[in-house]
1. Taking into account only those residues within the range B:213-249 that are more than 22 Å from the chain's Cα centre (by Cα) and closer than 21 Å to residue B:135 by Cα, which is surrounded by the fewest Cβ atoms within 10 Å (Cβ to Cβ)?
2. Take residue B:259 and tell me if it is of a type outside the set (D, E, K, R) and more than 19 Å from residue B:337 (Cα to Cα).
3. Based on what the data block shows, is residue B:66 surrounded by 16 or more Cβ atoms within 10 Å (Cβ to Cβ), more than 9 Å from every other protein chain (Cβ to nearest Cβ), touching a residue at least 12 places away in the same chain (Cβ under 8 Å) and among the charged types (D, E, K, R)?
4. Tell me which residues, restricted to the range B:373-428, are among the charged types (D, E, K, R), closer than 22 Å to residue B:70 by Cβ and not in a loop (DSSP other than H, G, I, E, B).
5. Any chance the range A:455-466 includes a residue that's touching a Ser or Thr at 6+ places or on another chain (Cβ under 6 Å) and not in a helix (DSSP H, G or I)?
6. Inspect all residues belonging to the range A:629-639 and state whether any of them is crowded, with 24+ Cβ neighbours inside 10 Å, within 9 Å of chain B (Cβ to nearest Cβ) and not small (Gly, Ala, Ser).
7. Would you pick out the residues in the range A:522-539 that are small (Gly, Ala, Ser) and buried (at least 24 other Cβ atoms within 10 Å of the Cβ)?
8. For the range B:134-147, give me each residue that is within 13 Å of the chain's Cα centre (by Cα) and either assigned to a loop (DSSP other than H, G, I, E, B) or away from chain A (no Cβ under 14 Å) (or both).
Amino acid sequence: MDPQAPPVVAVVVTADPGAWLEDALRGLADQDYPNLSVLMIDAGSTVDPTPRVAEILPGAYVRRLDRPCGYAAAANEAITAVEGAAFFLMCHDDVCLDPDAVRLLVEEAFRSNAGVVGPKLVAWEDPSRILQVGMSADKGGIPVPLAQPGELDQEQHDSVRDVFFVPGGVTLIRADLFRALDGFDSEMVLFGEDLDFCWRAQVAGARVLVAPAARARHLAASSSGMRPLQELPGVPPGPARQLVLRRRHELRAALKCYGRWRLLRVLPQLIAHSVAEVVVGVFTGHRDAARASASAWTWNLRRGQELRGRRRETASRRALPDHEVRLLQATGSARLAGLAEGLFLRASAHVPHRGQEALSGAAVGEDRPWWPAAVWSLVAVFLLIGSRTMLNSGPAQVATTLGFGSLGHLFGAFTSSVTPLGLGQVSPAPPALAISGVVSAVLGASPGLARTVMVVGCLPLGALGAYRVALPLASRRARLVAPVIYLALPLPYAALTWGRWGDLVAFAAAPWLLGLLARAGGLPPYDSAPGPAWRRYLSLGVVMAIAGAFSPAIVPVVLLVGIGLVVGSVPTGQAGASLRSLGAAGAGAVAAWLLAFPWSVVLVSPGAAVEAVLGLNPATSRTAGVGALLGFEPAPGGTHWVGWALLAGMVVPLFFGREWRFGWGARLWAVGLVCWVVAWVSARGWLGGWTFSPGVLLALAGAALTLSACIGVVAFERDLVGYGFGWRQVISVLGVIGVGLGVLGALGHAGGGRWGAPSADFDQVLSSLPGHTAASGFDELWVGDPRGLPGASYELAPGVGYAITTGGGLPSLASDWPPPDPGPARAVAGALELAESGRTGLVGRPLASLGIRYVFVPTTDAPGGPSLAPPPLLVQSLGDQLDLRPVAVDPSVLVFQNADWHRSDLPPRPAPAGAERAAQLSFETLLWALAVLSLVLTRRIWRRPPGPSPEPAEPADAAGAEL
Amino acid sequence: MSRRPVLTFVSVVLAAMAVAGWRLDSGAGYPAPGPAAVTTVQTSAVDQEWYCSVATAVSGGQAAGEIVLANSGGSTLTGTVTVYGNQAAAPASRAFSLPPWSRAVLGEQPVLNAPFVAATVVFHGGGGAAEQEISGPLGVSVTPCASRPSATWYFATGTTRPGASLVLALFNPFPENALADLSFSDPQGPSAPAEFQGIFVPSGGLVTIDVGQHVVQVDDIAATVRVRTGRLVASELQLDAIPNQSGLSLVLGAPAPAGTWFLPDGVEATGVSDSLHLYNPSSTAARVSIDLNLARGQAAPFQLSVAAGSETAVDLAGQTRIPLDDPYDIAIRARGGSLVVERTVTAVAPSTRTGTAAMLGATAPARTWLMAAGGASSSQDEWIDIFDPGRRAATVRVSYLAGGSDPALTGLRTVTVPAGGRLALRMGDHIQLADLSVLVSSSVPVVAERDLYQVGSIGISTSLGEKVS
């Protein structure tokens, strides 16, 4: 020991160390610094580490604390336990120093007059990979690495520099500074104490440096889950505790270290960021992130008084103003950037983990950290530009995208036994009304806003679902390609153009449903979620029930997808596993049917016109042909060439995918083929009343084949290198070109700001009709191509539907799901059939007896929308009626005014059956409560325990488990 | 796992879909409405409306109108006749009740007094038919009423020669106003006089246009009525007070041109002039073949071309290929464009029948025809001509509405019409009944024409019956 050298005491805090401890101790033992002592503080190990220490560092002091405590509190023991030290070297027990590290740190501390100096931290197993070289943080205290974890160390970061903070693996701290600042904040039991201490040191005027010449290997055992977190006072339970601790300590540091005026400016931003994180977390299923963000505030608010004291202490030591400290902070918001990618990966909780993921080499394409932010930003810009007009003025009421009415109207329609549709019937209300009402209530009792959000929001929701379903593929490129390709499909834009809300909902739900089915099968890389099977079925059922409430055809289509998965598994001999998916689909369908009770009962009751709910087909010549369907276009025309181009990328895994890539490629293509064939057969009317909206089928096909394209990306990364140069490379190039062309083609949809949807609705052109827009006590008859009628319609003839709406403008949302039995409205069909067959020239009279004043025959789906050829026989027969007066209003709709209209002989509307409906409502509420409670409770019980991934080679699997 | 079967399966399914789509995707759309038949009796109707052509309804009128109502069903029919005038007078209605298998005649002047009138007939049930009969010093004419309106009406012939009066009547019994444009075609070519554009026909109104006031002294003129907005029923009243060529005719317009026309009757005889008027309102020239099926042999067909928008008259009189007193039926087929075909007959001494007549041809045959108006008496001679344009001989039953039943006429319970041939039946040989409504029922589709000849006075009427469905 050289007494000339300033004494340095290495304070090693340990708790239940693993096998790595010996390496760490040898690192200290090998130091060439001449005046180094070692103090080992055992913060509550179950096994006394003293013998292990003594074997390697016989001169070390071991201090065992009588009760477990966090790192900060344990390290602070040095303040009282050590006298005369010039520096403390605060060390974790999973850090192994290079032999010259301490000497270099001390030299730099003197050379730069630094208060805190940190080394370059490299990976434990591969020291050529950098973990951290100092850190920055944004204004909210969210750490921002200055070097990308996993980056190859080529001495590119080897200059000494000031940093905002040095991570806590190894930190050389001037002892007087440590004492002056009262050490670490002992309230921060784990995580974040390094940021907080360095921040306070900066405020106090001390320099914080990184000296990369000094190097240490860091295992990050706690962060990576190799060492379970201790059950300490103040540490919350649950697998998200790490994220919770980080969030609360980051916020505490910010609240403590900012001056008063700076805090006034920053505080609203912090609140906004947290709200955004909570909202995104809730709506993306990342409840842990949402909960962590919210609980950070409650935890800190509960400590308000203590926090104020800490603030006063910090202020009393302030030597630098905030704006100087801020110079070392990162600009912008790391949290908002993380929302785009990091949040969904739980990046904040797994930053070191992600570093390891990159080190493992399993997740190819992780070497461009800005990709996710860039891709998601572009996606967001695309969605915002394409939706700009629609967000401003709301979607026009086209076909099934009808207005919500008032909040009271929504709930009133749901709780009433009498549907106002048709000629008024006693029929259970569809659950979609309740869901829409709840969303409206959540959004500030604003049904208009809710409608806009629920229509436009289907696009990002679908994109997010595509991203999520690609998570287990363990490829960032694949994950990022997923939303891009899915959004490039022509389907959602056609759905907006034609006003097909059911298709939009199917687009939003399809990738989520596909992911659940994949998880149910459990074929790699989709692991089965922990917990009992019924929980998976119930999850699927809940999603199917919600989506099926808006688009009932989704439920049988999910069964078709299950069949497709089984068929596609035959070549790989894994049909048995896929049978689990099919079983899950069946069980989910049953659950969805139960959750939609009693509305669902009516759908399968004898005599019900199921096609009224599933949707009527237009005339065969007006349906999409094979070419359009293969291009994911549910109607003739459109931009199906975009879909054709995308197919080039979707087919890639079939050509050179290996192992599970090929297996899933075959399965997903089988799903696509099943959906296409059924869509085409259904469009031709060969399935009778079981008319499947082609949009719903194409949504599932699109989701499946988008996933196939993502798997193609993985195959490109992993499998293509195993082949010699040849046709496979050509196919991969063609796939890339196809996807590129498809994506470029899809950009055109964003041009008009409405995704091609009409900007006006029929109310605007019919407002000149007497009494149309005022509730004048009469009904209106819409007849013609079902795609142009407001809401759903009953079948008059093949390709011709009719719908009766109550005067007072276009009907509300409830018209999307009329009672399957037309009831008294059948009389309308009878009258129209008489007119079409020439057996009456006075059809106005029977229509008048039903209270119908106007007959509308749309020639487009909305003013300015795509054209619909009205049925010529119908138009001719209506034109022949002596008591129907044609009224020229607008080319988009033929209007006939009933000259015999009167109200004298209207049939009485059915009276509400209040008691019966009340019982039904109670039962519905009970069912939903049971379902949600079951999912929530079992999620807690069977949540996968934290710990190292069983397959570290594919770490993204863990993220996929969130599916 | 093998890659080849999967790729093969996917390729085969995609190829099969492509082939199936190519073969089937251009499938049926909405069913197109059938030919625009405007004179059809609906036996199963819950109500049926008829729109009857123009007539005069003043004392001394040249074409005093009567509505002939017939009930060809087994139930009593009630209904209403409403007569509309061309002047400001409000329409007037009369209710009626028709026993099964019966007919009635309602004079229009007693209902409403106006220079010109038209009428609607509403039957509350099926099987009812209505025809418009006019009579005056220039003779008599019968034409079916229309069972539906149309957006276009075509008339293949008319004349505004000195002594002739051509009246176009635009009848709008519907609840909305109508605007119509008129255009003409004469030997000088097509024209659309400005004064005939945008003719306003109010709801419940009748507008009559004396074409001769504007298109002066034209021997042969075809007309088109296009309804710009609203709905109309158009008819043409021709009054000829020309020396040796007097008569009157009332024709309901043709709602659409067609490629095939049938005329069951024609004859070249001394004093009788028979002409075909071919009007091509389409935008392309029509190549026309006129086939005459003589009762005693076959005449060489006429081949001609009718330019787009023009009218051509084929004077069958004096054609050497047609023997005298050898009646014939006519089938006219057009390729390229489509036609409207009318036949005019002018009979003068030494013919025992005198007068003029005009009638539209039939575009399609039917199994049952009803001729509501007519009569076989000492003052009127009624003939029924039945033409079978098909390839199978027709077995025909000819009956009449006897009030409570429709017995077959004596000797006409079962008669045969040869395939492609015709049969002319003189009603007076089978029954003597002044108010005679005849039903022709056939085993195969045929075309039936009714000809009325006034005995001892001027007057010829030729017209098709009304189809019964």
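The values are calculated or read from the model by the stated rules, or taken from the named source; none is laboratory data. All of these numbers come straight from a predicted model, not from anything done at the bench. With ideal geometry, Cβ positions are generated from the backbone for all residues, glycine too; neighbour counts draw on all protein chains shown.
1. The qualifying residue surrounded by the fewest Cβ atoms within 10 Å (Cβ to Cβ) is B:243.
2. no
3. So residue B:66 fits the description; yes.
4. B:381, B:382, B:385, B:397, B:426
5. Checked against the condition, which is being touching a Ser or Thr at 6+ places or on another chain (Cβ under 6 Å) and not in a helix (DSSP H, G or I), the range A:455-466 yields no hits at all.
6. Taking every residue of the range A:629-639 in turn, at least one turns out to be crowded, with 24+ Cβ neighbours inside 10 Å, within 9 Å of chain B (Cβ to nearest Cβ) and not small (Gly, Ala, Ser).
7. Within the range A:522-539, just A:539 meets the criteria.
8. B:141, B:142, B:143, B:144, B:145, B:147
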